[in-house]
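**Student:** This is the structure I want to talk about, given as structure tokens.
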Amino acid sequence: MAMSAGQDDGEPIMDMNTTPLIDVMLVLLVMFIITIPIQTHAVKINLPVNNPNPPPLIIKPEFNTVSVDLKNNITWNGSPVDLATLRTYLDTTKTMVPEPELHIQPDPYSRYARVDEMLSVIKRSEVSKVGFVGNEQFANFAK
């Protein structure tokens with residue numbers, strides 16, 4: 001007969017067996033350690049070289065701004081224009097060396113159809129340096 005430590009032989013053991021829990025936790029710990037990528041301590045940085053003759057500063061070329069305001073008026077650098085005049089201005093800027101950038105800035109409350117008309121004129125003019133500016137105004141517009 002085995003010796004019981006203060007319990008009758010017929011009573012169930014009320015303590016939880018934590019051995020399987022500890023085994024599972026150790027397996028998970030080992031798997032976690034294995035899956036961690038090896039960290040490298042080297043940081044590659046390209047440091048600038050002290051050049052006695054630095055390259056000349058690049059002068060930013062001119063830019064023109066085309067915008068559509070709240071009343072759906074198209075403006076060229078702040079002056080109102082119609083679509084035919086806009087096309088003339090765009091054709092003129094294409095012949096300039098270097099070609100100036102074209103910044104497009106529609107108002108968030110302008111009609112989409114009017115902005116689309118302006119964009120179709122710009123596309124047909126085949127201007128190569130085009131960019132949208134002021135897009136951060138549309139970030140909170142959809143909310």
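**Student:** Measure off, as a whole percent, the carbon and sulfur share of the 1.4 Å-probe accessible area of region 103-143, all protein chains present. Don't jump to the answer; show the numbers that get you there.
**Tutor:** Values: 1480 of 2870 Å².
Here it works out to 51 percent.
**Student:** Hey, can you rank 101-112, 12-23, 122-133 by average C-beta count inside 10 Å, highest first?
**Tutor:** Details: 101-112: 16.2, 12-23: 7.7, 122-133: 12.9.
Put in order of decreasing packing, that is 101-112, 122-133, 12-23.
**Student:** Divide, for region 67-143, the radius of gyration over alpha carbons by 2.2 N^0.38 Å, where N is the residue count.
**Tutor:** Values: Rg = 12.8 Å, N = 77, 2.2 N^0.38 = 11.5 Å.
Rg over 2.2 N^0.38 Å, computed on Cα atoms: 1.11.
**Student:** Highest mean first, what order results for 28-37, 62-71 on Cβ atoms within 10 Å? Intermediate values should be presented prior to the final figure.
**Tutor:** Details: 28-37: 8.2, 62-71: 15.7.
Answer by packing, highest mean first, reads 62-71, 28-37.
**Student:** Hey, can you find the accessible area per residue of region 65-143 for me, probe 1.4 Å, expressed in square angstrom? Could the numbers behind the result be given before it?
**Tutor:** Numbers: 5000 Å² over 79 residues.
On a per-residue basis, region 65-143 sits at 63 Å².
The values are calculated or read from the model by the stated rules, or taken from the named source; none is laboratory data. Quick caveat: nothing in here was measured; it's all calculated off a predicted structure. Neighbour counts run over all protein chains shown; Cβ positions are idealised from the backbone, glycine included. Protein only, heavy atoms only, side chains kept; ligands, DNA and RNA dropped before computing areas. Shrake-Rupley method; radii C 1.70, N 1.55, O 1.52, S 1.80 Å.
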